[in-house]
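Readers should treat all values here as calculations from the given coordinates under stated rules, not as data from a laboratory. All values reported here derive from a predicted model rather than from experimental measurement. Ideal geometry is used to build each Cβ from the backbone, glycine not excepted, and the neighbour counts take in all protein chains shown.
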Amino acid sequence: MSQSNDKPLCSEVKQISGVTAENIPVALLNSKEPIVLKGYCAHWPLVKAAKQSDTHAAQHLLQCDQGARFHTHYLPKNEQGRIFYNQDMTGFNFQSSQQTLPKILNDIQDNAQSQNGQCVYVSATSLAQCLPKLLAQIDILPDVDMPLVNIWLGNASRIAAHYDVAQNLACCAVGKRRFTLFPPEQLSNLYVGPLDKAPGGQEISTVDFANPDLSQHPKFSQALASAQTAELEAGDALILPSMWWHYVQGLSGFNVLVTHWWRDTPAQMGRPMNALLLAMMSVRDLPKHQRDAWKNLFDHYVFEYQPEHFSHIPATAKSILASPMGETSRRQLLADLQNKLRR
């Protein structure tokens, strides 16, 4: 697809060579800036097969298949590989169904040979559940507690800019991928769509990166000024920091990406998005003077939290004001919130 070659004029992500799962520093894994690791996964059996041909890569995947079904998206050719909304944003521009791996791989091959070929796309799918044999061939990340390892596969595609809460090590196993990356503070320049309805569940930029309309999205030019790009070949990996926006293009007729997601904070801390949604419901539409007062409270207790702000309170009485919050206090707070939300 021709649109897959549209490359924004951005600075390139820093590259490092010689890093493997055996020697990667924890500080590098948890980098706050994106970094490309050249050849990081070049020794994976799937990557070695891909270096021979797409056919060899597909055969290797089939050898790992155990009959699982994958949630698969089918997108008409006229959409040019852009996984997105329909025209009035009441739904999406693709059809989805559960398919076996042999069917998916056949569809990818058939569409590569057809002038009316459609986009075939499988998004984040757990390797542990669907392809455990392939998971066993992938390096275990050191000092990372229980990463979620997912596979993404398909032909040429364009995935709208979005962010993930988790830290991510994205490994290009087959084909080529291009990432266009934006730091979190570019949120207002990316024209993000609905929070409660998005193609992959995570809110996305509504800008068409292949053909941006600056009359409709004038601030997008500011986002591009801070963007970085990373083009991955089979065997390369990208450290993608938590909360960074990323637009992802599958550049080849057959692409496979393996991602590792993890958080360096305790799971019991919960999902920050839940706090945002509750604040939207409870705080956003208050009169401005009340919102300003609540902003002061949020800053004091959350965003500008300092232990010395509460040094006047005995340790035995701090409860939820202590950081980190104790397990007993956390459980009591959660139960209290659940009771209040039911009222």
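Just want the answer: with Cβ charges of +1 for Lys and Arg and -1 for Asp and Glu, which residue in 27, 283, 137 is farthest toward the dipole's positive end in the chain?
283
Note the angle between two axes, namely the Cα long axis of helix 288-298 and the longest principal axis of the Cα atoms of the chain, as a number of degrees from 0 to 90, rounded to the nearest 10.
80 degrees
Can you check what the net charge comes to around residue 221, using other residues whose Cβ is under 15 Å from the Cβ of residue 221 (Lys, Arg +1; Asp, Glu -1)?
The answer is -1.
Just to confirm a number: summing +1 for Lys and Arg and -1 for Asp and Glu over residues other than residue 147 whose beta-carbon lies under 12 angstrom from that of residue 147, what do you get?
Details: positive: 263; negative: 139, 143, 145, 264.
Within the 12 Å Cβ shell, the charges total -3.
Compute, for the chain, the length of the dipole vector about the Cα centre, with Cβ point charges of +1 (Lys, Arg) and -1 (Asp, Glu) only. Units Debye, rounded to 20.
On the way: 29 positive and 30 negative charges, 112 e Å.
Rounded to the nearest 20 debye, it is 540 debye.
Give, rounded to the nearest 20 debye, the magnitude of the charge dipole that the range 105-243 has about its Cα centre when Lys and Arg contribute +1 at Cβ and Asp and Glu contribute -1 at Cβ.
200 debye
Treat each spin label as a single point 7 Å out from the Cα along the C-beta direction, and report the residue 334 to residue 43 distance in nm.
Using points 7 Å along Cα→Cβ, the separation is 4.0 nm.
Under a GNM of the chain (C-alpha, springs under 10 Å), which listed residue has the highest mean-square fluctuation: 326, 18, 154?
Result for the chain, Cα springs under 10 Å: 326 fluctuates most.
Output the 0 to 90 degree angle, nearest 10, between the alpha-carbon long axis of helix 54-64 and the longest principal axis computed from the alpha carbons of the chain.
60 degrees
Please state the Cα pair-distance histogram of the range 268-342 with 10 angstrom bins from zero: what percent is in each bin?
P(r) over the range 268-342, rounded to whole percents: 16, 42, 36, 6.
Please figure out what share of the DSSP beta bridges in the chain is antiparallel and state it in percent, rounded to the nearest 5.
Details: 52 of 59 bridges.
That works out to approximately 90 percent antiparallel.
How big is the range 4-68 in terms of Cα radius of gyration and Dmax, in angstroms?
Cα radius of gyration and Dmax of the range 4-68 are 15.9, 43 Å respectively.
Semi-axes of the equivalent ellipsoid for the chain, please: Cα gyration tensor eigenvalues, times 5, square-rooted, ordered largest first, whole Å.
Values: eigenvalues 287, 125, 82 Å².
Largest first, the chain gives 38, 25, 20 Å.
If the limit is 25 Å between Cα atoms, which of 32/340; 14/77; 32/133; 48/103 go over it?
In this structure, 32/340; 14/77; 32/133 lie more than 25 Å apart at Cα.
Using 7 Å Cα-to-Cβ label points, what is the residue 277/residue 302 separation (nm, one decimal)?
1.5 nm
Any idea what the alpha-carbon Rg over 2.2 N^0.38 Å comes to for the range 53-173?
Ratio of Cα Rg to 2.2 N^0.38 Å: 1.14.
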